[in-house]
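For reference, the structure is listed below as structure tokens.
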Amino acid sequence: MVKSEIANFSEHDIGFMQRSLKLALKAQGMTSPNPMVGAVIVRNNKIVGEGFHRKPGTPHAEVIAIEEAGDKTRGASLYVNLEPCCHTDKRTPPCTEAIINSGIKQVFVAMIDPNPKVSGRGIDVLRSHGIDVRVGILEDKAKKLNEVYIKYITTKKPFVILKLATTLDGKIATHKGDSKWITGQKARILVHKIRNSVDAVMVAVGTVMADNPQLTVRLYKRKFIKNPIRVIIDPNLEIPTNYNVFNIPPPTILVTKEESLLRDSSVLLEKRKLLIERGVKFISYKGDKVDLNWLMGRLGEEGITSIMVEGGSSFSASCLNYGIVDKAIFFIAPKILGGKESITAVGGENLRDLDNAFILKNLKIKMVGGDIMVEGYIIKEF
């Protein structure tokens, strides 16, 4: 298997790969289940062609860059943030074939593709045709960029982000359940930007019943907006049919007890029929409580590669305790709410001591307007 190489790359090489990563990011939220890929073709230290993969079924970044460069590809170098594909089990031809035919003589690859159908084979194909391939330039940044793709392609389960907006003392709502608005406008815009980048938003029935949210992208302005699928845990089919999640696009998936779907009730039968007509899809489970690990597998089967959890106190605790959370993002407002009846960010049972607390790594802390954003990755227990 091809491995990343320990090598010294020039400032020019790093700069061109940074351009590749920047191009790839332009399609954030649009390429699922494919990765984000950017490509830059360089000749005599000048960019002669570049491109990025826009969405599934469209040309890959390397092909777009090759077409833009034209006959300037002969003897040129290609910089791409992910190993070029070499298989035919997709809607577009292998990128390795286009690279070989273009006359490109050197390829810089940030990271090996973890897809078992590629995973070093693309690099081997290029090298077998006399192309010099160097691997590992800005590898960490490339892996960060495509963390969703890496998780999904290797586990068939979505990458899960837990988002919470809290006060300084860790409260997400007053004792009456009022939570609008804890954080400021800039933080809320950023949340909508994150929604635009994920495949699905997941909440529990309590959040929907309390707020009647739309769970759509409204505050973030972009030429192409993609509203995430709504995944709602509603064991007993409690949500009224006139609520926003059933009447405003995009589609909604209801996760419901199997016995609720099978219950012999004319009211429920009519409700299910109406929801199906509106495009609602049902995922049912046996027992009183849904196994969130099982649910992640089911949602992966639906092609959902990434989820943002925007649940309440108890649901956030469940997601953490089931171990499905990969990344946590907390928006902390400079407010102190107080009160033992105020709702804490992560509730649930008191089952953890300090030695078993959830710990975040690779922390990123920054100001978002007047609020603090803390982002980090959950250290998984093995």
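The values are calculated or read from the model by the stated rules, or taken from the named source; none is laboratory data. All of these numbers come straight from a predicted model, not from anything done at the bench. Every residue, glycine among them, receives a Cβ derived from its backbone with ideal geometry; neighbour counts consider all protein chains shown. What goes into the accessible areas is simple: the full protein's heavy atoms, side chains included, and nothing from ligands, DNA or RNA. Shrake-Rupley method; radii C 1.70, N 1.55, O 1.52, S 1.80 Å.
Would region 1-123 count as rounded, prolate or oblate if I go by the C-alpha gyration tensor, calling it rounded below 1.5 in a/c and otherwise prolate when a/b exceeds b/c, oblate otherwise? Please list the in-between numbers first.
Details: a/c = 1.33, a/b = 1.21, b/c = 1.10.
Cα axes put region 1-123 in the rounded bin.
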What are the residues whose amide H is under 5 Å from the amide H of Ile229, where those residues sit 5 or more places off or on another chain and H is modelled from the backbone? Ala200, Val201
Taking amide H atoms as placed 1.01 Å from N in the peptide plane, list the residues 5 or more away in sequence, or in a different chain, whose amide H sits under 5 Å from that of Ala165. Phe331
Could you tell me the center-to-center distance, by alpha carbons, between region 153-210 and region 2-65 in angstrom? 32
Separation between Cα centres of region 82-143 and region 291-349, rounded to whole Å: 37
Average Cα contact separation per residue, the chain, under 8 Å, 6 or more apart, as relative contact order %: 16
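Greater than 30 Å separation of Cα atoms is the criterion. Which listed pairs, Lys193/Lys335; Lys335/Lys361; Lys271/Lys380, meet it?
Values: Lys193/Lys335 24 Å; Lys335/Lys361 25 Å; Lys271/Lys380 40 Å.
Violating the 30 Å limit, Cα to Cα: Lys271/Lys380.
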Please enumerate, by chain and number, the aspartates and glutamates with C-alpha under 13 Å from the C-alpha of Lys117, excluding those fewer than 8 residues away in the same chain. Glu83, Asp89
Please list, in order along region 38-53, the HN-Hα scalar couplings obtained from phi with the Karplus expression 6.51 cos²θ - 1.76 cosθ + 1.60 (θ = phi - 60°), rounded to whole Hz, x for Gly and Pro. x, 9, 9, 10, 10, 9, 6, 6, 10, 6, 10, x, 7, x, 9, 6
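Give, as a single signed number, the net charge of other residues whose beta carbon lies under 14 Å from the beta carbon of Glu277, with Lys and Arg counted +1 and Asp and Glu -1.
Details: positive: Lys271, Arg272, Lys273, Arg278, Lys281; negative: Glu270.
Cβ neighbours under 14 Å give a net charge of +4.
Where does the charge balance sit around Phe331 when Lys and Arg score +1, Asp and Glu -1, over other residues with C-beta under 9 Å from its C-beta? If you can, show how the numbers build up before the last one.
Working: positive: Lys163, Arg188; negative: Asp371.
So the surrounding residues net to +1.
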Rounded if a/c is under 1.5, else prolate if a/b beats b/c, else oblate: with a ≥ b ≥ c from the C-alpha gyration tensor eigenvalues square-rooted, which is region 242-286? oblate
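Rounded, prolate or oblate: pick one for region 69-114, where a ≥ b ≥ c are the square roots of the eigenvalues of its C-alpha gyration tensor, a/c under 1.5 means rounded, and failing that, prolate if a/b is larger than b/c, else oblate. If you can, show how the numbers build up before the last one.
Numbers: a/c = 2.72, a/b = 1.33, b/c = 2.04.
Note, shape of region 69-114 comes out oblate.
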Can you give the accessible area per residue of the chain, in Å², using a 1.4 Å probe? 49
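Grab the alpha carbons of region 32-85, take their convex hull, and tell me the volume per residue in Å³. Intermediate values should be presented prior to the final figure.
Working: hull volume 3.8 nm³, N = 54.
With only Cα atoms used, region 32-85 gives 71 Å³ per residue.
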Amide H contacts of Cys85 (H built 1.01 Å from N, under 5 Å, at least 5 apart or other chain): Cys95, Thr96
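Could you order peptides 123-133, 283-293 by the average number of other Cβ atoms within 10 Å of their residues, highest first? Walk me through the numbers before you get to the answer.
Details: 123-133: 15.9, 283-293: 14.4.
With the highest mean Cβ count within 10 Å placed first, the list reads 123-133, 283-293.
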Just reorder Leu262, Leu360, Leu320 by solvent-accessible area, largest first, 1.4 Å probe, all chains present. Leu262, Leu360, Leu320
Quick tally, 1.4 Å probe accessible area for Ile64, Ile47, sorted with the most first, runs Ile47, Ile64
The chain, helix-only ellipticity at 222 nm - DSSP H runs n ≥ 4, -39,500 (n - 2.57), divided by all residues, nearest 500: -8500 deg cm²/dmol
Tell me which aspartates and glutamates have Cα within less than 13 Å of Lys364's Cα, excluding those fewer than 8 residues away on the same chain? Glu375
